[in-house]
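Engineer: This structure is in structure tokens; I'll ask about it shortly.
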Amino acid sequence: MKTAPDAEPRRTPLYAEHRVDGAQMAPFAGWWMPIRYGSILEEHLRTRAAVSLFDTCHMGRFDLEGPTAAADLDRLLTCAVAPMEPGRCRYGYLLDEHGGVIDDLVCMRLGPDRFRLVVNAGTATGDADWIRARLSADTRFDDVSDRMAKIDIQGPDSRAALERAFGEAPPELRFFRLAEVRLGDLPCWISRTGYTGEHGYELYFEAGRAVETWRRLRAAGAAPAGLGARDTLRLEMGYPLYGHELTRERTPAGVAGGAFMARGKPFIGREAVERELAAGP
């Protein structure tokens, strides 16, 4: 649901937890989000040296399914979707016809005809409208954002913290891989697609279990970090952010020089990107 400019920001299922932990809260992309709990620098360094928790429930999650889903996503996204095997994830762009960036996102292949898109919070409503209008009749679209929690646990100690929290280790996953698992009594999808550049995991599970899972991970030694550290961590790694380096007025050619684009296949906006790449800087 689109938030009006003067509307009260929405709250993630973990809003009360952030307040208890003394987070500095501020509106972000239509949501009340924690900016920091103490020092942004300390949260940044802790993520690099140990482990931190990030509430990313505000991000959009779309599930697409059907015999035409792969072909539709190949046409909509810059990354190559059809060759992906189940359990693979890819980063790419959603472009308009002029090559402008509507959003940057992660595409996950859950099964032969099942996909999940993880999109930015501020663009989620527009993304959903754009995608729905361009899908084949046999591709089913489901916005699962409000029904699904998303918590990121990042840092070199993230695997050990998950094992302490759930009594068993998460599966061995390479970067940009995911799996459907049960951690203790928690059914979830777990991926390695974090935005910090650090070793870590992203958990997707029933929204009603967000608070208990957050508390469990806190008890296992994972301290919370806010959007301030998330921003400095992604800047340190050189990751772009929609609304900053990426906008509708820019093609990814100028920002990423053609990276994250499968230029051997047709996709919306490809002709504009090719023209800019051919023209050079």
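The values are calculated or read from the model by the stated rules, or taken from the named source; none is laboratory data. Model, not experiment: these values are computed from the prediction. Every residue, glycine among them, receives a Cβ derived from its backbone with ideal geometry; neighbour counts consider all protein chains shown. In case anyone asks, the SASA skips ligands and DNA or RNA and just uses the protein heavy atoms, side chains included. Shrake-Rupley method; radii C 1.70, N 1.55, O 1.52, S 1.80 Å.
Engineer: Looking at segment 11-34, can you tell me whether even one residue there is assigned to a loop (DSSP other than H, G, I, E, B), at positive phi and in contact with a helix residue (DSSP H, G or I) (Cβ under 6 Å, 6 or more places away or on another chain)? Explain how you work it out, then say what you get.
Structural biologist: Taking segment 11-34 and keeping what is assigned to a loop (DSSP other than H, G, I, E, B), we get 12-14, 21-23, 29-30.
So of that shortlist, the ones also at positive phi come out as 22, 29-30.
Narrowing further to those that are in contact with a helix residue (DSSP H, G or I) (Cβ under 6 Å, 6 or more places away or on another chain): 29.
The answer is yes; a qualifying residue exists.
Engineer: Sticking with this structure for a sec: Please determine whether any residue of segment 216-224 is closer than 17 Å to ARG88 by Cα, outside any strand (DSSP E or B) and either touching a His at 6+ places or on another chain (Cβ under 9 Å) or open to solvent by 30 Å² or more (accessible area, probe 1.4 Å) (or both).
Structural biologist: No: segment 216-224 contains no residue that is closer than 17 Å to ARG88 by Cα, outside any strand (DSSP E or B) and either touching a His at 6+ places or on another chain (Cβ under 9 Å) or open to solvent by 30 Å² or more (accessible area, probe 1.4 Å) (or both).
Engineer: Here's something else I'd like to know. Residues of segment 22-41 being under 12 Å from ARG230 (Cα atoms) and exposed (fewer than 15 other Cβ atoms within 10 Å of the Cβ), which ones?
Structural biologist: If the condition is that a residue be under 12 Å from ARG230 (Cα atoms) and exposed (fewer than 15 other Cβ atoms within 10 Å of the Cβ), then LEU41 is the only one that fits.
Engineer: Please find, within segment 199-215, the residue that is nearest to LEU45 (Cα to Cα) out of those that are part of a strand (DSSP E or B) and of a type in the set (Phe, Trp, Tyr). Even if it seems obvious, please write down each step before you answer.
Structural biologist: Within segment 199-215, the first condition is being part of a strand (DSSP E or B), and the residues that meet it are 200-206.
Next cut, of a type in the set (Phe, Trp, Tyr) only: 201, 204-205.
Working: TYR201: 18, TYR204: 25, PHE205: 28 Å.
Among those residues, the one meeting the criterion is TYR201.
Engineer: Right, here's the next one. Return the residues of segment 42-73 that are assigned to a strand (DSSP E or B) and either open to solvent by less than 20 Å² (accessible area, probe 1.4 Å) or under 21 Å from GLU212 (Cα atoms) (or both); say none if nothing qualifies.
Structural biologist: Matches in segment 42-73: SER52, LEU53, PHE54, ASP55, GLY60, ARG61, PHE62, LEU64.
Results for (1) in contact with a Gly (Cβ under 9 Å, 6 or more places away or on another chain); (2) farther than 27 Å from GLU249 by Cα; (3) touching a residue at least 40 places away in the same chain (Cβ under 8 Å), shown as yes or no for each residue.
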| position | (1), (2), (3) |
| --- | --- |
| LEU14 | no, yes, yes |
| ILE35 | yes, yes, yes |
| LEU45 | no, yes, no |
| ALA49 | yes, yes, yes |
| ASP63 | no, yes, yes |
| LEU77 | yes, no, yes |
| ASP113 | yes, yes, yes |
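Engineer: Also, quick follow-up: Within segment 108-132, how many residues are hydroxyl-bearing (Ser, Thr, Tyr) and in contact with a Phe, Trp or Tyr (Cβ under 9 Å, 6 or more places away or on another chain)? Break it down into steps so the answer makes sense when it comes.
Structural biologist: First, the residues of segment 108-132 that are hydroxyl-bearing (Ser, Thr, Tyr): 123, 125.
Filter once more, so that each one left must be in contact with a Phe, Trp or Tyr (Cβ under 9 Å, 6 or more places away or on another chain): 123.
Number of matching residues: 1.
Engineer: In segment 232-275, what residues are hydrophobic (A, V, I, L, M, F, W, C), open to solvent by 20 Å² or more (accessible area, probe 1.4 Å) and under 21 Å from ASP74 (Cβ atoms)?
Structural biologist: Answer for segment 232-275, where residues must be hydrophobic (A, V, I, L, M, F, W, C), open to solvent by 20 Å² or more (accessible area, probe 1.4 Å) and under 21 Å from ASP74 (Cβ atoms): ALA256, ALA259, PHE260, MET261, ALA262, ILE268.
Engineer: Is segment 83-103 home to any residue that is under 30 Å from GLY208 (Cβ atoms), in contact with a Gly (Cβ under 7 Å, 6 or more places away or on another chain) and surrounded by fewer than 23 Cβ atoms within 10 Å (Cβ to Cβ)?
Structural biologist: Yes - at least one qualifying residue is present in segment 83-103.
Engineer: Of the residues THR213, THR139, only one is of a type outside the set (A, V, I, L, M, F, W, C), surrounded by 21 or more Cβ atoms within 10 Å (Cβ to Cβ), at pLDDT 95 or above and under 23 Å from GLY92 (Cα atoms); which?
Structural biologist: Just one listed residue meets the conditions, THR139.
Engineer: Scan segment 121-136 for residues that are within 15 Å of ARG10 (Cα to Cα) and open to solvent by less than 30 Å² (accessible area, probe 1.4 Å) and report the count.
Structural biologist: Number of matching residues: 3.
Engineer: Go through (1) at pLDDT below 95; (2) open to solvent by 20 Å² or more (accessible area, probe 1.4 Å) one by one and return the number of the condition PHE176 breaks.
Structural biologist: All conditions are met except number (1).
Engineer: Identify the single condition in (1) closer than 26 Å to GLY200 by Cβ; (2) part of a helix (DSSP H, G or I) that ALA272 does not satisfy, given that it satisfies every other one.
Structural biologist: (1)
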